[in-house]
1. Identify all residues within the range 63-82 that are open to solvent by 50 Å² or more (accessible area, probe 1.4 Å) and of a type outside the set (D, E, K, R); write none if there are none.
2. Among the numbered criteria (1) open to solvent by 60 Å² or more (accessible area, probe 1.4 Å); (2) more than 10 Å from the ligand (Cβ to nearest atom); (3) touching a residue at least 40 places away in the same chain (Cβ under 8 Å), which one does residue 119 miss?
3. Could you please tell me which pairs satisfy a Cβ distance under 9 Å, a separation of 6+ or placement on different chains, a first residue in the range 17-31 that is under 17 Å from residue 108 (Cβ atoms), and a second residue that is open to solvent by 80 Å² or more (accessible area, probe 1.4 Å) and hydrophobic (A, V, I, L, M, F, W, C)?
4. Tell me which of these residue 34 doesn't satisfy, since it passes every other one: (1) touching a residue at least 40 places away in the same chain (Cβ under 8 Å); (2) open to solvent by less than 40 Å² (accessible area, probe 1.4 Å).
5. Hey, does the range 60-77 have a residue that's closer than 19 Å to residue 13 by Cα, in contact with a Lys or Arg (Cβ under 7 Å, 6 or more places away or on another chain) and within 14 Å of the ligand (Cβ to nearest atom)?
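The values are calculated or read from the model by the stated rules, or taken from the named source; none is laboratory data. Since the model is a prediction, treat every value here as computed from it, not as a measurement. Methodologically, a virtual Cβ is constructed for each residue, glycine included, from the backbone with ideal geometry; neighbour enumeration extends over all protein chains shown. These area figures cover heavy atoms from the full protein model, side chains too; ligands, DNA and RNA do not enter into them. Shrake-Rupley method; radii C 1.70, N 1.55, O 1.52, S 1.80 Å.
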Amino acid sequence: MTRETESAGAPLSVVVPGAVRLQNGETTRFPFQRGKMPEEGFVLRHAEELYAFANSCPHWSVDLDYGMGDFYDVSLDRIVCKNHGALFHPRTGFCEWGPCSGHSLERFEIAVRGEDVVVTIR
Ligand code: FES
(Lines give C-alpha, C1' and ligand atoms only; values in the text may rest on other atoms or scores of the structure.)
Protein backbone atom coordinates (compact mmCIF):
# COMPACT_ATOMS: atom_id res chain seq x y z
CA MET A 1 0.00 0.00 0.00
CA THR A 2 1.37 3.41 -0.92
CA ARG A 3 0.51 6.81 0.44
CA GLU A 4 0.20 9.90 -1.74
CA THR A 5 0.26 13.53 -0.74
CA GLU A 6 -0.52 16.37 -3.12
CA SER A 7 -1.47 19.98 -2.95
CA ALA A 8 -2.40 22.24 -5.85
CA GLY A 9 0.60 22.83 -8.14
CA ALA A 10 3.00 20.98 -5.87
CA PRO A 11 4.78 17.77 -6.78
CA LEU A 12 3.16 14.54 -5.73
CA SER A 13 5.01 12.50 -3.11
CA VAL A 14 4.35 8.78 -3.14
CA VAL A 15 5.65 6.59 -0.34
CA VAL A 16 6.62 3.08 -1.41
CA PRO A 17 6.77 1.14 1.85
CA GLY A 18 9.69 -1.22 2.38
CA ALA A 19 11.25 -0.55 -1.03
CA VAL A 20 14.67 -0.12 0.56
CA ARG A 21 14.70 -3.88 1.14
CA LEU A 22 14.65 -4.66 -2.61
CA GLN A 23 17.60 -6.77 -3.68
CA ASN A 24 19.62 -6.03 -6.82
CA GLY A 25 17.44 -6.59 -9.89
CA GLU A 26 14.18 -6.61 -7.93
CA THR A 27 11.37 -4.17 -8.60
CA THR A 28 8.16 -3.15 -6.94
CA ARG A 29 5.25 -1.31 -8.49
CA PHE A 30 3.35 1.63 -7.00
CA PRO A 31 0.16 3.37 -8.07
CA PHE A 32 -0.30 7.14 -8.23
CA GLN A 33 -2.66 9.67 -9.71
CA ARG A 34 -1.50 13.07 -11.03
CA GLY A 35 -4.40 13.79 -13.34
CA LYS A 36 -7.72 12.12 -13.91
CA MET A 37 -6.25 8.76 -14.90
CA PRO A 38 -4.62 6.34 -12.48
CA GLU A 39 -0.99 5.67 -13.31
CA GLU A 40 1.70 3.34 -12.09
CA GLY A 41 5.43 3.43 -11.51
CA PHE A 42 8.08 1.06 -10.29
CA VAL A 43 11.15 1.16 -8.11
CA LEU A 44 14.20 -0.84 -9.21
CA ARG A 45 17.32 -1.66 -7.26
CA HIS A 46 20.27 -1.84 -9.60
CA ALA A 47 23.95 -2.07 -8.58
CA GLU A 48 22.95 -1.22 -4.99
CA GLU A 49 21.17 2.01 -6.00
CA LEU A 50 17.44 2.66 -6.19
CA TYR A 51 15.66 4.18 -9.19
CA ALA A 52 12.02 4.96 -9.95
CA PHE A 53 10.34 5.15 -13.33
CA ALA A 54 6.85 5.44 -14.77
CA ASN A 55 5.47 2.08 -15.90
CA SER A 56 4.64 3.49 -19.30
CA CYS A 57 6.41 2.89 -22.57
CA PRO A 58 7.38 6.18 -24.24
CA HIS A 59 6.00 5.12 -27.62
CA TRP A 60 2.61 3.60 -26.72
CA SER A 61 1.99 4.73 -23.15
CA VAL A 62 1.19 1.17 -22.09
CA ASP A 63 2.50 -0.87 -19.16
CA LEU A 64 5.93 -2.39 -19.72
CA ASP A 65 5.30 -5.51 -17.63
CA TYR A 66 1.89 -6.94 -18.66
CA GLY A 67 0.90 -6.36 -15.03
CA MET A 68 3.33 -9.00 -13.76
CA GLY A 69 5.73 -6.68 -11.93
CA ASP A 70 8.69 -8.08 -13.81
CA PHE A 71 10.70 -5.25 -15.39
CA TYR A 72 14.38 -6.13 -15.21
CA ASP A 73 16.22 -8.87 -17.12
CA VAL A 74 19.43 -9.75 -15.32
CA SER A 75 21.00 -11.51 -18.34
CA LEU A 76 20.52 -8.40 -20.48
CA ASP A 77 21.10 -5.97 -17.61
CA ARG A 78 18.23 -3.92 -18.97
CA ILE A 79 14.64 -2.99 -18.20
CA VAL A 80 12.57 -4.78 -20.85
CA CYS A 81 9.20 -3.86 -22.35
CA LYS A 82 7.16 -7.06 -22.54
CA ASN A 83 5.17 -5.72 -25.50
CA HIS A 84 7.99 -5.28 -28.02
CA GLY A 85 11.17 -6.28 -26.21
CA ALA A 86 12.48 -2.72 -26.08
CA LEU A 87 15.54 -2.37 -23.85
CA PHE A 88 15.98 0.49 -21.42
CA HIS A 89 19.08 1.38 -19.45
CA PRO A 90 18.40 0.54 -15.79
CA ARG A 91 19.85 3.77 -14.38
CA THR A 92 18.64 6.33 -16.90
CA GLY A 93 15.58 4.70 -18.50
CA PHE A 94 17.00 5.56 -21.93
CA CYS A 95 15.71 3.22 -24.64
CA GLU A 96 18.69 1.70 -26.42
CA TRP A 97 16.81 -0.73 -28.65
CA GLY A 98 13.22 -1.08 -29.85
CA PRO A 99 10.42 1.02 -31.29
CA CYS A 100 10.97 3.78 -28.74
CA SER A 101 14.73 3.91 -29.35
CA GLY A 102 16.16 7.28 -28.39
CA HIS A 103 13.35 8.09 -25.98
CA SER A 104 13.35 7.53 -22.23
CA LEU A 105 11.12 6.23 -19.52
CA GLU A 106 9.97 8.99 -17.23
CA ARG A 107 12.34 8.88 -14.30
CA PHE A 108 11.32 10.16 -10.89
CA GLU A 109 13.37 11.65 -8.09
CA ILE A 110 13.51 9.50 -5.00
CA ALA A 111 14.52 9.84 -1.38
CA VAL A 112 15.04 7.12 1.18
CA ARG A 113 13.16 7.55 4.42
CA GLY A 114 13.89 4.68 6.78
CA GLU A 115 12.73 1.50 5.04
CA ASP A 116 10.57 3.43 2.58
CA VAL A 117 11.28 5.14 -0.72
CA VAL A 118 9.58 8.49 -1.32
CA VAL A 119 9.02 9.14 -5.03
CA THR A 120 8.50 12.71 -6.22
CA ILE A 121 6.24 13.02 -9.25
CA ARG A 122 5.97 16.39 -11.01
S1 FES B 1 5.10 -0.59 -26.01
FE2 FES B 1 6.66 0.67 -26.80
S3 FES B 1 8.41 -0.62 -26.88
FE4 FES B 1 6.92 -1.71 -25.82
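1. 66, 68, 74, 75, 76
2. The single condition residue 119 does not satisfy is (1).
3. Once the first residue is under 17 Å from residue 108 (Cβ atoms) and sits in the range 17-31, its partners that are open to solvent by 80 Å² or more (accessible area, probe 1.4 Å) and hydrophobic (A, V, I, L, M, F, W, C) give 17/1; 19/112; 20/112.
4. Of (1) touching a residue at least 40 places away in the same chain (Cβ under 8 Å); (2) open to solvent by less than 40 Å² (accessible area, probe 1.4 Å), only one is false for residue 34: (2).
5. Scanning the range 60-77 turns up no residue that is closer than 19 Å to residue 13 by Cα, in contact with a Lys or Arg (Cβ under 7 Å, 6 or more places away or on another chain) and within 14 Å of the ligand (Cβ to nearest atom).
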